[in-house]
1. Mind putting a number on the dipole of the chain about its Cα centre? Charges go on the C-beta only, +1 for Lys and Arg and -1 for Asp and Glu, and I need it in Debye to the nearest 20.
2. In the full protein assembly as shown, how much of Phe311 is accessible to a 1.4 Å probe, in Å² to the nearest 10?
3. Would you indicate which of (i) 28.8, 88; (ii) 33.4, 127; (iii) 23.5, 78 is the value of Rg and Dmax of the Cα atoms in Å derived from the coordinates of this structure?
4. What does the charge count near Glu306 come to, summing +1 for each Lys or Arg and -1 for each Asp or Glu among other residues with Cβ under 11 Å from its Cβ?
5. Treating only the Cβ atoms of Lys and Arg (+1) and Asp and Glu (-1) as charged, compute the dipole magnitude of segment 33-89 about its Cα centre; round to the nearest 20 debye.
6. Could you work out the local net charge near Ser128, counting Lys and Arg as +1, Asp and Glu as -1, over the other residues with Cβ closer than 11 Å to its Cβ?
7. Choose one of Tyr296, Leu122, Val394: the residue whose Cα lies farthest towards the positive end of the charge dipole of the chain (beta-carbon charges +1 Lys, Arg; -1 Asp, Glu; about the Cα centre).
8. With both bridge residues required to lie in the chain, what share of the DSSP beta bridges run antiparallel, to the nearest 5%?
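The values are calculated or read from the model by the stated rules, or taken from the named source; none is laboratory data. Fair warning: this is a prediction, and the values are worked out from it, not measured in the lab. Quick reminder, even Gly has a Cβ in these numbers, built from the backbone with ideal geometry, and neighbours come from all protein chains shown. Quick note on the areas: whole protein, heavy atoms, side chains included, nothing else; ligands and nucleic acids left out. Shrake-Rupley method; radii C 1.70, N 1.55, O 1.52, S 1.80 Å.
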Amino acid sequence: MAGRTPSVIIVGAGSAGIAAATRLLDRDFRNLTILEAENRLGGRIHSVRRGGNVLDYGAQWVHGKQNNFIYDMASQYGLIEVEQHKENDVYYKSTGELVPKETSDRVLETLHNLLEEDADGLQSYTGSLGAYYDQVFYDAVRAGKFAGIDQRTCYQLYQFFIKYHNTYNATDTLHEVSGAGLLEFEDNQDEFLINWKNRGFHTLLDLLMRKLPEQSGPPIPVEEYTKFNHVVKSIKWNCPENPHHHRVSVTCTNGATFSATHLILTVSLGVLQDLHTGWFDPPLPEPKRNAIEGLYIGTIDKLFLEFDEPFWPRDGSWHGFGLLWEPADLEQLRHDGRQWLRSVCAFFVPDRTERLLVGWIYGHDARTMEALPEGQVIDGLMYLLRKFLPHLPVPAGPRWFSRSRWYSNPHFRGSYSSRSMRSDAMRATAAALAEPLTTERAVPIVQFAGEASHPQLYSTVQGAVGSGWREADRLIALYNNRPGAADSENNGQQTLRGKL
């Protein structure tokens, strides 16, 4: 197909869409239209300035230095820094009791080491990740690994460990997560976090678009090709080829229709699950439907509380805390109709901020929180702070509050994907999701990108970016007769790191 000038539509201007667009524009694919449902670029990267701070509602940290393209690219321009503390260092019980650091360190490090040592055990395990973790923990208890530690405290720290991993994986319960599926994921995360020096994760998108003054070469004007507030209503594909070589047509809810030779679809798995049966004409083939319906997408949210003054220690020793619940206090939550608070896993103070405290919430309770009135959410969070931190001068309320709502936003319908037991049972794979819809001659018509379509790096920014490059390179190879171009996804890009 060398010599033709193809037209390309990209649906979604998140990290996958921007990666695909910048790659194509850099190779002179100028007949390009990007349809974005939101009024901004970024998708699940959403950095918002608040006074002197930049808040990340989605992806926030770069995790790890090794084999990490984001780290290499950003550190070249001095854009990031390593935080000199762990993500969770301090733990309080719902009684207000501080767990001694040597106790929490011992329990959690023992769990981590046991799981590292028993990596082969997970490889042969056929059950859920939750069942596997339970087995490892209770075997350790019986073996005396936690001897000398109060039994209730040990169990509470294990429950936090489970909640943390639910938050990390954006799952309702680890008992629906595939243990075998987790082995597909390439996790090179280091112990410490790496932040963007209060610039926000959107800096990565600026790097992709060459918008930073430190970069050489002209900026790539993605915005000029983007039509914002364009929500897809229907997709007709496999249309008879016409003189313009158009094979696919996308109609938006505002009545606008766009036709092209190729479509790269970068919307979230949650949007595909919600809309694929009504979007595609003709309907998707069964393997594609199976992948969409069988893969898993979950929810985590952030809860932002800004105070007039910090009420926590300011000597650098306090970066937030994990919540450990007493059974009677959990029962009181249920009695009071505040069950959603049980899934607030931790609070943290973002580096380079002074008055900001951010909470994590996951799963079903995150979706419940999204639907609650703002005042009710604030009241619940202040209840937690007063209950767990009675020794600190917690104020009556924040001066400002905000929250993410990744599930209830119809343009996302979730935070990021993972592998479930149902995925395994249905044999639903990222590779099947990534497979393009083609002509009889194997020319791609509809291509699929996004973090959920990356077999090894699903759930991450690098998976999203790598998938965007993959689909752009598919077209570059097709038109420029460069068979090796499509391999470039594995030429360093797979090393990006950062949960969405």
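1. Here the chain has a charge dipole of around 1300 debye.
2. 20 Å²
3. The calculated read-out lines up with (iii).
4. Neighbourhood net charge equals 0.
5. 140 debye
6. Taking every Cβ under 11 Å from that of Ser128, the sum is -1.
7. My answer, from the dipole projection, is Tyr296.
8. Antiparallel bridges: around 70 percent, rounded to the nearest 5.
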